[in-house]
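Below you'll find the structure I mean.
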């Protein structure tokens with residue numbers, strides 16, 4: 001925890017330092033065609049990549065999908081899910097990968113469910129997805145073998161486990177005359193010299209997702225009250241000082 005504390009203490013302007021890792025063409029001083037910026041090479045923490053810039057996001061709508069689940073132990077279920085997802089907006093012309101490109105992702109997520117009646121449940125999922133491999137539209141082979149994918153997945157899960165084994169921050173704070181119990185754990189993959197940018201958050205014992213540190217505020221998809229989100233972020237920063 002001392003390492004995380006010292007990292008966050010240094011983080012006076014974290015987003016500014018993250019932008020220093022981005023190529024000049026991605027900064028606010030230059031606004032190239034978005035299709036060109038999508039496909040050019042970028043740097044992030046010593047890793048070269050292409051595609052959407054770190055920090056940006058997509059919004060999708062999912063068609064009526066098919067979720068199947070089979071109980072295999074008292075607490076373990078096998079699941080499968082198939083659906084077509086559609087972009088909420090429109091991709092810039094010429095951007096993105098060619099039609100036919102394929103990806104293999106590993107998803108690690110929390111699913112919160114509440115029964116409404118005999119046949120209906122609300123459901124929401126928050127978590128992480130990690131790319132194990134991809135296949136270009138013009139290629140027959142995937143970018144990495146199944147053996148290499150397993151190694152990448154093992155390393156990813158080890159990082160997750162290391163984080164889970166550390167004690168989370170636990171704090172109580174007042175907001176609008178109500179006392180909240182907050183638990184938060186940094187996501188190791190988002191921790192750099194200038195601090196950690198994202199944290200898993202539980203409020204009053206309920207997992208509510210991942211809070212993200214922005215330049216002057218905080219973002220948490222599941223909470224609509226922005227002031228409450230910023231109050232949670234402020235509590236996290238105070239804890240690690």
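Please treat every number below as a calculation from the coordinates, not as lab data. Please read all numbers here as calculations on a predicted model, not as lab measurements. Ideal geometry is used to build each Cβ from the backbone, glycine not excepted, and the neighbour counts take in all protein chains shown.
With each run of n ≥ 4 DSSP H residues scored as -39500 (n - 2.57), what mean residue ellipticity at 222 nm is computed for the chain after dividing by its residue count and rounding to the nearest 500 deg cm²/dmol? Intermediate results must be reported in sequence, preceding the final value.
Values: 5 runs with 57 residues, N = 241.
Calculated from helices alone, the mean residue ellipticity at 222 nm is -7000 deg cm²/dmol.
May I pose another question? I want to check the label-to-label distance for residue 225 and residue 103. Put each point 7 Å from Cα in the C-beta direction and report it in nm to one decimal.
Calculated label separation equals 3.4 nm.
Rounded to whole Å and sorted largest first, what semi-axes of the equivalent ellipsoid does the C-alpha gyration tensor of the range 149-241 yield via the square root of 5 times each eigenvalue?
Each semi-axis is the square root of five times an eigenvalue, giving 25, 14, 12 Å.
Under 10 °C and 1.306 mPa s, how fast does the range 60-191 diffuse according to Stokes-Einstein, given a Kirkwood radius computed over C-alpha pairs? Answer in µm²/s, whole number.
83
Hey, any idea what the orientation-averaged projected area of the convex hull of the chain's Cα atoms comes to, in nm²?
16.7
When 148, 53 are ordered from fewest to most other Cβ atoms inside 10 Å of their Cβ, what list results? Each step should come with its number before you reach the end.
Values: 148 13, 53 16.
Ranking 148, 53 by Cβ neighbours within 10 Å, fewest first, gives 148, 53.
Ok, one more. For 199, 156, 175, what's the fewest-to-most ordering of other Cβ within 10 Å of each Cβ?
Ranking 199, 156, 175 by Cβ neighbours within 10 Å, fewest first, gives 175, 156, 199.
Still on this model: Length gain on complete extension for the stretch residue 84 to residue 39, per 0.36 nm per residue less the alpha carbon to alpha carbon distance? Don't skip to the answer; put the middle values down first.
Values: separation 45, 0.36 × 45 = 16.20 nm, distance 2.44 nm.
Computed gain between residue 84 and residue 39 is 13.8 nm.
Give me the extension gain from residue 180 to residue 139: residue separation times 0.36 nm, minus the current Cα-Cα distance, reported in nm with one decimal.
Result: 9.5 nm gained on full extension.
Moving to a separate point now. Could you order the peptides 64-75, 124-135 from most to least packed, using the average number of other C-beta atoms within 10 Å per residue?
Highest to lowest by the protection proxy: 124-135, 64-75.
Okay, next question. So how much slack lies between residue 151 and residue 73, counting 0.36 nm per residue of separation and subtracting their Cα-Cα distance, in nm?
25.4 nm is the gain from fully extending residue 151 to residue 73.
Could I ask something else about it? Identify the residues of the range 203-241 with backbone N under 16 Å of a label point that sits 7 angstrom from the Cα of residue 59 along the Cα-to-Cβ direction, or state none.
Within reach of a label on residue 59: 219-226.
Would you give the gap between the C-alpha center of the range 52-88 and the C-alpha center of the range 188-203, rounded to a whole Å?
24
To the nearest 0.05, what FRET efficiency results for residue 123 and residue 93 with a Förster distance of 41 Å applied to their C-beta separation? Before the final figure, lay out each step's value.
Values: r = 35 Å, r/R0 = 0.86.
For residue 123 and residue 93, the calculated efficiency is 0.70.
If the elastic network links every pair of Cα atoms under 10 Å, which of 187, 107, 208 fluctuates the most in the Gaussian network model of the chain?
107
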